[in-house]
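The values are calculated or read from the model by the stated rules, or taken from the named source; none is laboratory data. Predicted, not measured: the structure shown is a model, and the values here were computed from it. Ideal geometry is used to build each Cβ from the backbone, glycine not excepted, and the neighbour counts take in all protein chains shown. Heads up: the accessible areas ignore ligands, DNA and RNA and are worked out on the full protein's heavy atoms, side chains in. Shrake-Rupley method; radii C 1.70, N 1.55, O 1.52, S 1.80 Å.
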Amino acid sequence: MNSIIITGGAGFIGSHVVRLFVNKYPEYKIINLDKLTYAGNLANLKDIEDRPNYKFVRMDICDFEGVLKLMQDEHVDGIIHLAAESHVDRSIKDPFTFAQTNVMGTLSLLQAAKLYWESLPEGYEGKRFYHISTDEVYGALAMTHPEGIEPPFTTKASSGKHHLAYGEKFFTEDLKYQPHSPYSAAKASSDHFVRAFHDTYGLPTVVTNCSNNYGPYQFPEKLIPLFINNIRHRKPLPVYGKGENVRDWLYVEDHARAIDLIFHEGKIAETYNIGGFNEWKNIDIIHVLINTVDRILGRPEGADLDLITYVTDRAGHDLRYAIDSSKLQRELGWEPSLQFEEGIEKTVRWYLDNQAWMDNVTSGDYQRYYEDMYAKR
Ligand code: NAD
Ligand code: DAU
């Protein structure tokens with residue numbers, strides 16, 4: 001495979017995937033197909049934008065004709081699909097955009113891939129459609145222990161590793177889908193379409209469902225970058241509900257490494273869960289963020305604890321996510337490379353060192369810049 005479209009490559013996770021592929025596979029042609037919504041930012045890819053094996057195409061994945069033509073022109077044999085509307089709070093306010101991009105956009109890519117690949121003499125041979133999805137499709141887990149022990153407690157994954165957990169159940173690949181937010185409902189629907197295209201037409205698909213990512217270049221509407229920036233500027237930290245919800249955090253480069261591995265070695269028609277057995281209550285993460293920012297900026301310990309502000313809970317707020325990634329570890333040998341302490345230190349330092357990136361994104365300057373740039377063509 002050497003001509004690959006990565007959709008959503010100007011976003012948070014997509015930019016890490018594009019960077020990894022462009023650096024690691026000089027023999028491939030990497031085409032970053034992105035609409036550049038508020039979440040897409042070409043500054044995320046400044047370091048690789050001039051590479052000969054990289055090309056950016058501004059396009060909406062819902063533009064079926066455009067996508068089909070691009071696939072034909074570029075002789076595309078692989079698609080890694082990340083483009084999506086990704087923020088739960090936005091989906092509560094504007095569910096239509098989420099259905100449009102996440103469902104109809106995915107369908108448009110699937111149909112274009114099917115038509116183009118079926119038109120080739122070799123058909124689906126050597127082709128792959130890789131759909132990136134989320135653990136949120138599985139719904140929410142309870143925080144219970146069979147013997148009534150207060151969480152968190154130490155437990156053993158089926159891989160044999162010990163880790164802390166807030167409940168005895170985990171998201172495994174065979175679980176039934178129970179999405180709660182318009183975002184996760186739209187992602188669930190897109191996952192179903194991908195599997196339907198395999199089962200009905202034989203399209204060579206693979207799906208992965210990953211837990212919460214963190215790291216550089218994440219849009220500061222998401223918990224970790226938003227709170228790092230607010231702590232830095234001593235702005236209130238809006239904690240939803242009691243801050244008791246649990247999320248399972250993975251460093252974004254570890255997700256990108258998993259995507260590389262699964263794209264090349266994952267089995268067609270399979271689903272793999274991706275996660276690092278790293279559950280945290282929101283309020284505990286927030287304490288880690290405050291302590292880390294304050295230490296790095298030389299502020300007295302705990303100086304910014306009073307920024308914590310409890311606000312109205314998110315509607316339909318899922319209580320706990322926890323991924324069981326044993327299948328991926330067992331079958332393809334993937335493991336996260338970073339401990340959380342290391343990952344969060346790197347992440348906080350990156351946002352503090354890249355205030356210009358943050359200012360640009362929060363001011364909306366970069367969006368106006370790209371609107372102007374494309375308007376002139
Ligand atoms: P993001 O919001 O940072 O980036 C999304 C990208 O998609 C942006 O560059 C945006 O411009 C582009 N895009 C949006 N609509 C488009 C359209 N109609 N056509 C073309 N491009 C469009 O998202 P992210 O956090 O990097 O997530 C990427 C993918 O990974 C999503 O599919 C998401 O569901 C999934 N995912 C995210 C996480 C996470 O923690 N962030 C975890 C698991 C799975
Ligand atoms: O689990 C994977 C998902 O993780 C991805 O599919 C989504 O694209 C991604 O946005 C993320 O969803 P969450 O809703 O878990 O992420 P978010 O950063 O929005 O919130 C993390 C937790 O923090 C969640 O319990 C809500 C809470 N929160 C969030 C914000 C933005 C707050 O308490 N206050 C806030 O201001």
- Message: I need the full set of residues from the stretch 328-348 which are open to solvent by less than 60 Å² (accessible area, probe 1.4 Å), farther than 24 Å from V88 by Cβ and of a type in the set (S, T, N, Q), in order please.
- Response: Q329
- Looking at the stretch 67-181, what strands (runs of 3 or more DSSP E) fall wholly within it and have at least 2 residues that are free of Cβ contacts under 8 Å to residues at least 24 places away in the same chain and either within 14 Å of ligand 1 (Cβ to nearest atom) or hydroxyl-bearing (S, T, Y) (or both)? 153-156
- Query: Can you tell me how many residues in the stretch 77-107 are more than 17 Å from F12 (Cβ to Cβ) and of a type in the set (S, T, N, Q)?
  - Reply: 3
- Restrict the check to the stretch 21-30 and report whether at least one residue is away from ligand 2 (no atom under 16 Å from the Cβ), outside any helix (DSSP H, G or I) and touching a residue at least 40 places away in the same chain (Cβ under 8 Å). yes
- Filtering the stretch 214-230 down to residues that are outside any loop (DSSP other than H, G, I, E, B) and more than 9 Å from ligand 1 (Cβ to nearest atom), which residue is nearest to K46 (Cα to Cα)? P225
- Matching entry among I268, I274, I262 (being more than 15 Å from ligand 2 (Cβ to nearest atom) and touching a Phe, Trp or Tyr at 6+ places or on another chain (Cβ under 8 Å)): I262
- Task: Starting from residues that are away from ligand 1 (no atom under 12 Å from the Cβ) and under 16 Å from the mean Cα position of the chain (by Cα), keep the ones in the stretch 1-54 and report whichever is surrounded by the most Cβ atoms within 10 Å (Cβ to Cβ).
- Result: R19
- Message: Just checking, does the stretch 76-83 include any residue being open to solvent by 10 Å² or more (accessible area, probe 1.4 Å) and away from ligand 2 (no atom under 15 Å from the Cβ)?
- Response: yes
- Query: Only one of these conditions is not met by D313: (1) part of a loop (DSSP other than H, G, I, E, B); (2) closer than 26 Å to G14 by Cα; (3) acidic (D, E). Which number is it?
  - Reply: (2)
- Task: For the stretch 1-20, enumerate the residues that are out of contact with any Leu (no Cβ under 8 Å at 6 or more places or on another chain) and more than 22 Å from Y124 (Cα to Cα).
- Result: F12, H16, L20
- Across the stretch 300-327, what is the number of residues that are more than 16 Å from ligand 2 (Cβ to nearest atom) and surrounded by 15 or more Cβ atoms within 10 Å (Cβ to Cβ)? 3
- Kindly indicate the residue of the stretch 207-224 that is more than 11 Å from ligand 2 (Cβ to nearest atom) and buried (at least 22 other Cβ atoms within 10 Å of the Cβ) and also nearest to G126 (Cα to Cα) among those meeting that condition. V207
- Counting just the residues of the stretch 353-377 that are assigned to a helix (DSSP H, G or I) and polar (S, T, N, Q), which one comes out modelled with the lowest pLDDT? Q367
- Residue count for the stretch 225-235, restricted to those that are surrounded by fewer than 23 Cβ atoms within 10 Å (Cβ to Cβ), touching a residue at least 12 places away in the same chain (Cβ under 8 Å) and near ligand 2 (Cβ under 10 Å from one of its atoms): 1
- Task: Among what's in the stretch 236-251 and is buried (at least 19 other Cβ atoms within 10 Å of the Cβ) and not polar (S, T, N, Q), pick the residue that is nearest to D324 (Cα to Cα).
- Result: D248
- When you go through (1) within 14 Å of ligand 2 (Cβ to nearest atom); (2) surrounded by fewer than 21 Cβ atoms within 10 Å (Cβ to Cβ) one by one for S190, which number turns out not to apply? (2)
